[in-house]
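Enquirer: Below: one structure in C-alpha cells.
What follows is calculated from the coordinates using simple rules that are stated; it is not laboratory data. Keep in mind it's a predicted model, so treat the numbers as computed, not measured. Please note: Cβ atoms are built from the backbone with ideal geometry, for glycine as well, and neighbour counts cover all protein chains shown.
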Amino acid sequence: MVGNNTPVFFVRDPMKFQDFIHSQKRRADSGLRDHDMQWDFWTLSPESAHQVTILMSDRGIPKNYRHMNGYTSHTYMWVNAKGKRFWVKYHFKTDQGIEFLTQQEADRIAGEDADYHRRDLFEAIKRGDYPSWTFKVQIMPFEEAETYRFNPFDLTKVWPHGDYPLHEVGRLTLSRNPSDFHTEIEQAAFEPNNLVPGIGSSPDKMLLARLVSYADAHRARLGVNYKQISVNRPKCSVHSYSKGGAMRIEKVSDPVYKPNSKGGPKADTERYPEQAVWSADGEFIRAAYTRRKDDDDFGQPGTLVREVMDDDQRDRLVSNAAGHLKNGVTESVLERALEYWRNIDKDISDRIAKSIQGN
Ligand code: HEM
C-alpha cells in the first residue's frame, strides 16, 4: 500500500488525476504556484469537497510525521484460508496522538527549517523514541458491497465506523534510520500493486490505475530491474522468467519461458490459488460506476464539519480556507468557492465570506 494521512482523496476518476496534479503544482507561464488554479479545479470537481474540507481542517497540517494517522484510503480485498472474500480498508492510528500546526506556526517553520518534518522523524528514531502506529482494519463482507448505501469503492467516501467498526490487527513501528539516504530512501519503489497471496484489488478505478502507474514510474525512475536494487529486493528468493534489461544483476538460467517441460520453477497454485479476484463476469465493475442512494459529494464533508469538529476546529477551518482564498483567487472562482462551501455547510460558507470581506 502507498497511502497518505487522510482516509479519502480529491477525485474518484483516475483520468482526472493528472489534471488534479497540474492544478496543484505550478503555472505554465511563471512557474509559480497559484491558489486560483487550485480552487478553479476543486470547485469544478465537487467530488473533491470531502478531501478539501479535511485539507483545510487541523488534519491538513500535521505537527510532524509521528503525530498523524495513515490510511490506504482505497478498499482492498482479503481472502481467508477458506477462500472467503472480504473488502478491507486499512487504518494506521498514531500511538503518539494526533497533533497539528496552525497555519501561522507552519508558515513560520517553513521559513526557518524546510527539513522540519524529516529532521523530527530522524531525530526521534535516533534517540530511541520509536514512533508506532496501531494497525486496524474495517471489514465488509463481500456481498454487502452490492447494497451498501455508499459505493464502497468510491475513494471520496469513508465507511462510517458505526457500520464497519475498526478491528485491531497489529502495530507498525519505525525503529531504524537509514544510513544511506540515497540507496535506502530515494531508490525505494513503493507500489500498490506489490501484493501477497490473499490480498487483492477492488473495483475502485483509482486503485486499478495506480496498480500500473507506480511500476511504470519505477521503470522510468530506476530502470527496468528496479526490483533487484537492494532496498526493493524481496527477502526470500523469487523465481521469474524475466531476463535482460539494463542493470540486471541476478543471473538467470534456462529454461527462460513458461510453461516448460524442463523442470523450471512454476507457481504453487495448490497452496496459492488465484482467489483474490472480485469478478468473473464483471458485475462489480458495473456496480463500481453506479451511484448509491447516499452518494452525493457534499454529505460526508457536511457531517464532518457539523458533527465531528468542535467550535475551535470550525474556527480554524474558516480561518484556513479564508486565508487561502484571500491569496490570489479571481472573483469568478471565489464566487464558485463560496457556493462550494455553501453546499458543504451554509454557516461555514457565510463565515468564510465574512472573513474574506473583513480584509
Ligand atoms: C489515479 C491516481 C494516482 C496515480 C496515477 C498516482 C501516481 C503516482 C506516481 C506515478 C507516483 C510516483 C511513484 C514513484 O516514483 O515511486 C506517486 C507517488 C505517491 N502517491 Fe500517488 N497516484 C495516484 C493516487 C494516489 C492516492 C489516492 C494516494 C493516497 C492514498 C497516493 C499517494 C502517493 C504517495 C504517498 C506517493 C509517494 C510515494 C513515495 O515517495 O514512495 N497517490 N503517485
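Enquirer: Could you list SER279, SER202 in order of exposure, starting from the residue whose Cβ has the fewest other Cβ atoms within 10 Å? Mind showing how you got there, number by number?
Expert: Working: SER279 12, SER202 20.
Arranged by neighbour count, lowest to highest, SER279, SER202 become SER279, SER202.
Enquirer: Something else about it: When the Karplus curve 6.51 cos²θ - 1.76 cosθ + 1.60 is applied with θ = phi - 60°, which whole-Hz ³J(HN,Hα) does each residue of region 247-257 get, with x for Gly and Pro?
Expert: For region 247-257, the Karplus curve yields 6, 6, 10, 6, 7, 10, 9, 6, x, 10, 8 Hz.
Enquirer: Here's another thing I want to ask about it. Just the ratio, please: alpha-carbon radius of gyration of region 183-251 over 2.2 N^0.38 Å, N its number of residues. Mind showing how you got there, number by number?
Expert: Working: Rg = 13.0 Å, N = 69, 2.2 N^0.38 = 11.0 Å.
In units of the globular-protein estimate, region 183-251 measures up at 1.18.
Enquirer: Continuing with the same structure: Under 5 Å between amide hydrogens, which residues at least 5 positions from LYS243 or on another chain qualify, with H placed 1.01 Å from N in the peptide plane?
Expert: Those lying under 5 Å, H to H, from LYS243: there are none.
Enquirer: Let me ask another. For the charge dipole of region 150-279, defined by +1 on Lys and Arg C-beta atoms and -1 on Asp and Glu C-beta atoms about the Cα centroid, which residue among VAL169, TRP159, TYR214 has the Cα displaced farthest towards the positive pole?
Expert: The listed residue farthest towards the positive side: TYR214.
Enquirer: At 222 nm, what helix-only mean residue ellipticity would the chain give, in deg cm²/dmol to the nearest 500, using -39500 (n - 2.57) for each DSSP H run of four or more?
Expert: Details: 12 runs with 121 residues, N = 359.
When only DSSP H runs of four or more count, the value is -10000 deg cm²/dmol.
Enquirer: Which peptide among 46-55, 127-136 comes first, and what is the full order, when sorted by highest mean count of other Cβ atoms within 10 Å?
Expert: On the way: 46-55: 22.6, 127-136: 14.4.
Top to bottom by mean Cβ count within 10 Å: 46-55, 127-136.
Enquirer: Still on this structure: Taking Cα pairs under 8 Å and at least six residues apart, what relative contact order does the chain come out at, in percent? Each step should come with its number before you reach the end.
Expert: Working: 517 pairs, mean separation 77.4, N = 359.
Dividing the mean separation by the residue count of the chain yields 22 percent.
Enquirer: May I pose another question? What number results when the radius of gyration of the chain, computed over Cα atoms, is divided by 2.2 N^0.38 Å? Provide the component values of the computation, followed by the final result.
Expert: Details: Rg = 22.9 Å, N = 359, 2.2 N^0.38 = 20.6 Å.
With N residues counted in the chain, Rg over 2.2 N^0.38 Å equals 1.11.
Enquirer: Ok, one more. How large is ³J(HN,Hα) for each residue in region 178-189, as worked out from phi by the Karplus curve 6.51 cos²θ - 1.76 cosθ + 1.60 (θ = phi - 60°), to whole Hz, x for Gly and Pro?
Expert: Result, ordered by residue: x, 9, 9, 4, 5, 6, 9, 10, 5, 8, 5, 10 Hz.
Enquirer: Follow-up question, since we're still on this one. Could you tell me whether region 1-118 comes out rounded, prolate or oblate from its Cα gyration tensor? Rule is a ≥ b ≥ c as square roots of the eigenvalues, rounded for a/c under 1.5, then prolate if a/b exceeds b/c, otherwise oblate. List each step's numbers first, then the result.
Expert: On the way: a/c = 2.46, a/b = 1.31, b/c = 1.88.
It is oblate, given that a/c is not under 1.5 and a/b is not larger than b/c.
Enquirer: For region 181-284, what does the relative contact order come out to in percent, with C-alpha contacts under 8 Å and a separation of six or more? Don't jump to the answer; show the numbers that get you there.
Expert: On the way: 77 pairs, mean separation 31.0, N = 104.
30 percent.
Enquirer: Something else now. Sort out for me the Cα centre separation of region 64-125 from region 25-43, rounded to whole Å.
Expert: 26
Enquirer: Right, something else. For each pair in LYS93/LYS205; LYS25/LYS243; LYS205/LYS235, compute the distance between the two Cα atoms and list the pairs where it is over 29 Å. Don't jump to the answer; show the numbers that get you there.
Expert: On the way: LYS93/LYS205 26 Å; LYS25/LYS243 38 Å; LYS205/LYS235 31 Å.
Beyond 29 Å between Cα atoms: LYS25/LYS243; LYS205/LYS235.
Enquirer: Could you give the size of the charge dipole of region 148-236 about its Cα centre, using +1 on the Cβ of each K and R and -1 on the Cβ of each D and E, expressed in debye and rounded to the nearest 20?
Expert: On the way: 11 positive and 9 negative charges, 32 e Å.
My answer is approximately 160 debye.
Enquirer: State the answer as a single residue: which of GLN313, LEU195, ILE356 lies farthest towards the positive end of the charge dipole of the chain, with beta carbon charges of +1 for Lys and Arg and -1 for Asp and Glu, about the Cα centre.
Expert: The listed residue farthest towards the positive side: LEU195.
Enquirer: Moving on to the next point. Report Rg(Cα)/(2.2 N^0.38 Å) for region 1-51, keeping two decimals. Don't skip to the end; give the middle numbers.
Expert: On the way: Rg = 11.8 Å, N = 51, 2.2 N^0.38 = 9.8 Å.
Against the compact-globule rule of thumb, the ratio is 1.20.
Enquirer: Can you give the charge dipole size of the chain about its Cα centre, rounded to the nearest 20 debye, using +1 on the beta carbon of Lys and Arg and -1 on the beta carbon of Asp and Glu?
Expert: 1460
Enquirer: Could you derive backbone 3J(HN,Hα) for region 323-331 from the dihedral phi with the Karplus parameters 6.51, -1.76 and 1.60 (θ = phi - 60°), listing whole Hz in sequence and x where the residue is Gly or Pro?
Expert: x, 5, 6, 6, 9, x, 8, 6, 4
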